[in-house]
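Notes for the one structure printed next.
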């Protein structure tokens with residue numbers, strides 16, 4: 001009995017299956033990206049923003065309102081976390097301000113002196129209970145964070161999505177429910193609530209604008 005032809009047939013069948021599966025996956029991803037671009041184009045028109053494409057982020061929106069620049073894009077998830085939509089306020093902050101939820105990461109960073117600035121308390125009880133704050137300008141940061149308009153906007157945003165001040169810039173992170181597996185990025189854009197994204201964008205612009213006053 002000849003064994004080699006059997007292996008050859010099995011190998012050819014496997015190669016065909018992989019090729020077919022890869023082709024199907026390619027067209028699924030392609031259709032998903034086209035759908036994402038279609039949705040983002042509509043949203044760009046609504047906001048008066050520009051649309052672009054990058055290798056790592058795929059389709060993104062870029063705009064400026066009330067002197068505040070922003071970008072909106074999707075970050076692909078993995079097996080441990082779903083994808084999310086980011087509203088990134090890309091202009092450099094007028095001074096270093098880092099605000100993150102208290103936890104192991106913030107404790108470790110404070111212990112080793114990671115990042116720039118001095119650890120402070122804002123003077124706003126709700127914020128100080130939940131967040132760790134570091135800044136290069138404690139006086140300006142406290143004045144900013146105790147402004148009722150600022151603390152109010154921060155609270156409204158936080159109830160809907162995490163907001164992070166990353167030292168030089170700020171961002172709002174909106175988790176997106178999605179199908180699990182390698183195709184989750186394809187389905188993510190279908191689960192975006194653009195009304196909520198616009199609401200959070202406006203609140204973020206107001207919040208960042210107050211920092212420049």
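Within the span defined as segment 157-176, one or more residues are surrounded by fewer than 16 Cβ atoms within 10 Å (Cβ to Cβ), farther than 22 Å from residue 119 by Cα, at pLDDT 90 or above and in contact with a strand residue (DSSP E or B) (Cβ under 7 Å, 6 or more places away or on another chain). Only a single criterion out of (1) under 17 Å from residue 164 (Cβ atoms); (2) at pLDDT 90 or above is not satisfied by residue 103, namely (2). In segment 115-172, of all residues being part of a loop (DSSP other than H, G, I, E, B) and on the phi > 0 side of the Ramachandran plot, the one that is nearest to the chain's Cα centre (by Cα) corresponds to 115.
Within segment 59-68, the set of residues being free of Cβ contacts under 8 Å to residues at least 60 places away in the same chain and either within 15 Å of residue 33 (Cα to Cα) or surrounded by 16 or more Cβ atoms within 10 Å (Cβ to Cβ) (or both) comprises 59, 60, 61, 62, 63.
Counting only residues that are touching a residue at least 60 places away in the same chain (Cβ under 8 Å) and within 14 Å of residue 99 (Cβ to Cβ), segment 141-162 holds 3 of them.
Got at least one residue in segment 187-196 being part of a loop (DSSP other than H, G, I, E, B), modelled with pLDDT under 95 and more than 24 Å from residue 48 (Cβ to Cβ)?
Here is the first cut: in segment 187-196, the residues part of a loop (DSSP other than H, G, I, E, B) are 192-193.
Still in the running and modelled with pLDDT under 95: 192-193.
Within this subset, residues satisfying the condition of being more than 24 Å from residue 48 (Cβ to Cβ) are none.
No, because not a single residue in segment 187-196 is part of a loop (DSSP other than H, G, I, E, B), modelled with pLDDT under 95 and more than 24 Å from residue 48 (Cβ to Cβ).
The values are calculated or read from the model by the stated rules, or taken from the named source; none is laboratory data. None of these values were measured; they are calculated from a predicted model. For neighbour counting, all protein chains shown are included, and Cβ atoms are generated from backbone atoms with ideal geometry for every residue, glycine included.
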